[in-house]
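Structure first, then comments.
The values are calculated or read from the model by the stated rules, or taken from the named source; none is laboratory data. Bear in mind the structure is a predicted one, so any value in this text is a computation, not a measurement. A quick note on method: Cβ atoms are made from the backbone with ideal geometry, for glycine too, and the neighbour counts reach across all protein chains shown. Surface areas here come from the heavy atoms of the whole protein model, side chains and all, with no ligands, DNA or RNA. Shrake-Rupley method; radii C 1.70, N 1.55, O 1.52, S 1.80 Å.
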Amino acid sequence: MPTMWLSDTQKIGVAFCSGGGFFLIGGVMLFFDRAMLAMGNILFLIGLTIIIGPQKTLLFFARKQKAKGTAAFFLGLLLILMRWALIGFCIELYGIIILFGDFLGTIAGFARNAPIVGPYIGMLIDRMPGLGSRRNAELPV
């Protein structure tokens, strides 16, 4: 089995990010449970910091182009901690879309290549406007 290009500490960061994602999904499934959403956010931020390093994490969130996304993300996190879980999650989701919207094409391409479910995910992605990387694929030119 081929090894990944990640170092051991980065693999730990991926585990933290994955745990954060599972806690966020669990928090939404449990009707926006404040504790699970907060734990998911904290694990995600820790994992991101471990994967790319503290300096690059600060530079990522401090970029001028991403200021609105950063403000929305941290405002949503603050609202979740202040027991406004539904409103906080919606604002935070908006911030995540602005911050990580550039990576959606990469994630869609990776999901399209997944074994067994990849073709089905590809069909779903192609139906969503803006996500399908095959724009005008039906054109003969």
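Which residue fluctuates the most in the chain, going by a Gaussian network model with Cα springs under 10 Å, if the choices are Val14, Val28, Val117?
Fluctuation is largest for Val117.
Specify whether the C-alpha gyration tensor of region 30-124 places it in the rounded, prolate or oblate class, a ≥ b ≥ c being the square roots of the eigenvalues: rounded for a/c under 1.5, otherwise prolate if a/b is larger than b/c and oblate if not.
oblate
Tally up the carbon and sulfur contribution to the accessible surface of the chain as a whole percent, 1.4 Å probe, everything protein left in place.
Accessible surface attributable to carbon and sulfur in the chain totals 73 percent.
Would you kindly state how much longer the chain becomes between Gln55 and Tyr94 on full extension, computed as 0.36 nm times their sequence separation minus their alpha carbon distance, in nm to one decimal?
Here the segment from Gln55 to Tyr94 would lengthen by 11.6 nm.
For Ile116 and Met82 in one chain, what is 0.36 nm times their gap in residues minus the Cα-Cα distance, to one decimal in nm?
Contour length minus the Cα-Cα distance gives 8.0 nm.
When a/c is below 1.5 the answer is rounded, else prolate if a/b is larger than b/c, else oblate, so apply that to region 69-119 with a ≥ b ≥ c taken from the square roots of the Cα gyration tensor eigenvalues.
Prolate shape, in that a/c is at least 1.5 and a/b is the bigger ratio.
Compute the helix-to-body angle for 118-127: its Cα long axis versus the longest principal axis of the chain, expressed 0 to 90° and rounded to tens.
90
When the chain is fully extended, how far beyond the present Cα-Cα distance does Met29 get from Asp126, taking 0.36 nm per residue of separation?
32.3 nm
Is the C-alpha gyration tensor of region 46-88 telling us rounded, prolate or oblate? Criteria: a/c under 1.5 is rounded; beyond that, a/b larger than b/c is prolate, otherwise oblate.
oblate
Just by accessible area at a 1.4 angstrom probe, what is the order of Thr106, Thr70, Thr49 from largest to smallest?
Thr106, Thr49, Thr70
Relative contact order for region 1-133: what is it in percent, counting Cα pairs under 8 Å that are at least 6 residues apart?
RCO, region 1-133: 17 percent.
Which value, in Å², gives the accessible area per residue of the chain when a 1.4 Å probe is used on the protein heavy atoms?
I get 71 Å² per residue for this part.
In deg cm²/dmol and to the nearest 500, what is the mean residue ellipticity at 222 nm of the chain if only DSSP H runs of at least 4 residues count, each as -39500 (n - 2.57), divided by the residue total?
Helices in the chain give a 222 nm mean residue ellipticity of -23000 deg cm²/dmol.
Take Lys64 and Asp102, extend 7 Å from each Cα along the Cα→Cβ direction, and tell me the distance between the two endpoints in nm.
Result for the modelled spin labels: 1.5 nm.
Starting from the 7 Å offset along Cα-to-Cβ, what nm value, one decimal, do you get for the label separation of Ser7 and Leu75?
Reported label-point gap for Ser7 and Leu75 is 3.6 nm.
Considering only DSSP states other than H, G, I, E and B, which trypsin sites (Lys or Arg not before Pro) in region 1-71 qualify as loop sites with at most 16 other Cβ atoms within 10 Å?
Of the trypsin sites (Lys or Arg not before Pro), the ones in loops of region 1-71 whose Cβ has at most 16 other Cβ atoms within 10 Å are Arg63.
Can you tell me the orientation of helix 85-100 relative to the chain, as the angle in degrees between its alpha-carbon axis and the longest Cα principal axis, to the nearest 10?
The answer is roughly 50 degrees.
With unit charges on the beta carbons (Lys and Arg positive, Asp and Glu negative) and the dipole taken about the Cα centre of region 22-83, which residue among Pro54, Gln65, Val28 sits farthest to the positive side?
Most positive-ward Cα: Gln65.
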